[in-house]
Every structure is written in structure tokens, then in C-alpha cells.
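Notes to accompany the following structure.
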Amino acid sequence: MRIIGGNLRGLKLAEVGAGDPGAHLRPTTDRVRESIFNLLINGTHGNLIPGARVLDLFAGTGALGLEALSRGAARVAFVDDGVVARGLLRTNIEKARAMGVTDVWRRDATKLGENRGPGFGLVFLDPPYGLGLGEKAVASAMAGGWLAPQAMLVWEESTPPAAVPGLEQIDQRRYGDTVVTLLRAP
């Protein structure tokens, strides 16, 4: 696994290895990540990454958030409650020398609580597949004020998620066993 674009292009990230079966670590493949960033950069909505505040829910290794940093995001907050994931995440943040522009929060992404800072304009959501956690995390983010106006949500799942009241579906694509859905907040 590596960073595929931007100023960190080619940076090799920590290997997941056998990992922890209970952690549900399933990093986004390079191919899917490249497709996601092509949509975010070249889509009809313009390049959403430069200067963005990014929230990476179910962050795992942090590959999505670090890819956004590599391409010009201003700051990334990584949320994961897994011990193994946070260890890999911290290793990858150090490899990217991104300690000053990242936050790592040990928190359940489905129970975010109230956001006390400004909202996030770009949200990555890559929950364990098929457990309904994505719907709960989106509801939690919306209820807690985590989304900036016009925020873009990038949701990876094994099946297309149900429509979310209050969010507009912008795009949806299938890459093998992964469905990527782009949603826009009002």
C-alpha cells in the first residue's frame, strides 16, 4: 500500500499483515483510492481537496486521509476505536511526517457526539462491510454538527447504501466488491 498522488506520492505505508481479525482492517486498494481521488479532483463539483478539513471515519491505516493530505488538504482528523488500527495509523502519520496537521481520535464513529469545532468539508467513511455501521456513523455526524455546509461524503461499502435524508447522492460507482457513493450535505 502506498500514497498514489500529490507531494507524498510513492510513500510506502505500514503493512496490515495478518492484523487483528476483530479489527476488520480492510484497507482501500490503490486502484479504488485512485478512482475516488479522480472523482474528487476531476468531478463536476470541482477539486474538493486543496485546503479541505477532512474527517476520516473508521480510519484504519489512514490511507484515505493521508492521500488527501498529500493532495493539499489542510488538516485530517482520523477516527478509529481499534487498537491495531490506531497503531498502524500513528506509524503512517510518522512516515508521512504529518503530526502537525493530523488528529487521531479514539472514538466510536457511530457515536461521535457533539462537534466543538468547525465542520468538515470532506468526510471519508469506510466501515466494516455489511454491518450497518455506515448509516449509524452518517446519522451521528449529521446530528453532532460534524459536516460543514456542502460537505462531500465518500462512503465505501459492499452494497449501495440506502438513501440518507438530507444528503444528495452525487455519484455511485462499483469497483469489484466495493461500492463508492458520493453524497453532498445541504
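The values are calculated or read from the model by the stated rules, or taken from the named source; none is laboratory data. These numbers were taken from a predicted model, which means no experiment stands behind them. Note: ideal-geometry Cβ built from the backbone for every residue, glycine included; neighbour counts use all protein chains shown.
Quick notes
- So residue 62, is it modelled with pLDDT under 95 and touching a helix residue (DSSP H, G or I) at 6+ places or on another chain (Cβ under 7 Å): yes
- The set of residues from region 33-63 being within 13 Å of the chain's Cα centre (by Cα), of a type in the set (A, V, I, L, M) and under 21 Å from residue 168 (Cβ atoms) comprises 36, 40, 49, 52, 54, 55, 57.
- Of all residues in region 146-186, those that are among the hydroxyl-bearing types (Ser, Thr, Tyr) and surrounded by fewer than 17 Cβ atoms within 10 Å (Cβ to Cβ) total 3.
- Listed by first and then second residue, the pairs linking a residue in region 1-13 that is closer than 13 Å to residue 64 by Cα to a residue that is assigned to a loop (DSSP other than H, G, I, E, B) and acidic (Asp, Glu), with Cβ atoms under 8 Å apart and 6 or more places separating them unless they lie on different chains, are 1/15.
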